[in-house]
1. Based only on other Cβ atoms within 10 Å, what is the fewest-to-most ordering of 102, 81, 180?
2. Calculate, for residue 122 and residue 4, the FRET efficiency according to 1/(1 + (r/R0)^6) with r their C-beta to C-beta distance and R0 25 Å; round to the nearest 0.05.
3. Can you give me the long-range amide H partners of residue 71? Hydrogens built in the peptide plane at 1.01 Å from N, cutoff under 5 Å, separation of 5 or more residues or another chain.
4. Nothing charged except the Cβ atoms of Lys and Arg (+1) and of Asp and Glu (-1): what's the magnitude of the dipole of the chain about its Cα centre? Round to the nearest 20 debye.
5. Which of these, 35, 112, 136, has the largest mean-square fluctuation under a Gaussian network model of the chain (Cα springs below 10 Å)?
6. For residue 24, what charge total do you get from the other residues with a beta carbon under 13 Å from its beta carbon, if Lys and Arg give +1 and Asp and Glu give -1?
7. Along the charge dipole of the range 6-203, pointing to its positive end and built from +1/-1 on Cβ of Lys, Arg, Asp and Glu, which listed residue (182, 33, 163) has its Cα farthest out?
8. When Lys and Arg each count +1 and Asp and Glu each count -1, what net charge do the other residues less than 14 Å away from residue 174, Cβ to Cβ, add up to?
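Every number here is computed from the coordinates shown, using simple stated rules; none is lab data. All of these numbers come straight from a predicted model, not from anything done at the bench. So basically every Cβ, Gly included, is an ideal-geometry build from the backbone, and we count neighbours across all protein chains shown.
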Amino acid sequence: MTGRCRLNLISPPKFETKAFGDTLKRALDAGDVASFQLRLKDVDDDAIKKAVDVLMPIAQKRDVAFILNDRPDLAHTFRCDGVHIGQDDASYAEARLIVGKDAIVGVTCHDSRHLAIEAAEAGADYVAFGAFFPTSTKEAKSHAEPEILQWWQEMMVVPCVAIGGITVENAPPLIEAGADFLAVSNGVWGYENGPAAAVKAFNALFNA
């Protein structure tokens, strides 16, 4: 593995924007976080814009990349730092065309080595593998094993993200296998001692 593993935070599926903004500040101030991904399903564009308006400045002020899920069009319009696309969203080529060459484009590759190699060769900034564990935030379409991270690190230089049901307790094998980033939602927001404590605990694992 090239460097230490880092945290990619994913928003809870639903939240009250202003209150969550305060929670996000405390979480980001608690330790190193690479990026924050806004993932809101089944809401209109206006609701996404309201969330971006409040949350993006909080992230960017702390040098945390602000990534929008699924929507390259809105990521471009709202000037987000990048977009994360699933296999059912826009293709990598379409997303790159929309957000431009300087934005981050990450691609969900489930447990598929083929999809990951395709995405990396096309120019993706990172590939995401998962779900590694059962997850409460979305219906997992695939299950991945830590070996895929190890294989990726031996083969490719494009960073890989592990996603799906990751917690402080179950993260160590993924870090050991070579994940460059851990994408975490409920493992931070639902952490028993609070989100800030979770960010500290993840960073302690990364530094171990």
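1. Sorted ascending by nearby Cβ count, the order is 102, 81, 180.
2. 0.40
3. Result for residue 71 returns 84.
4. Computed charge dipole of the chain: roughly 600 debye.
5. Fluctuation is largest for 136.
6. +2
7. Comparing the listed Cα positions along the dipole, 33 ranks first.
8. Here the charged neighbours net out to -4.
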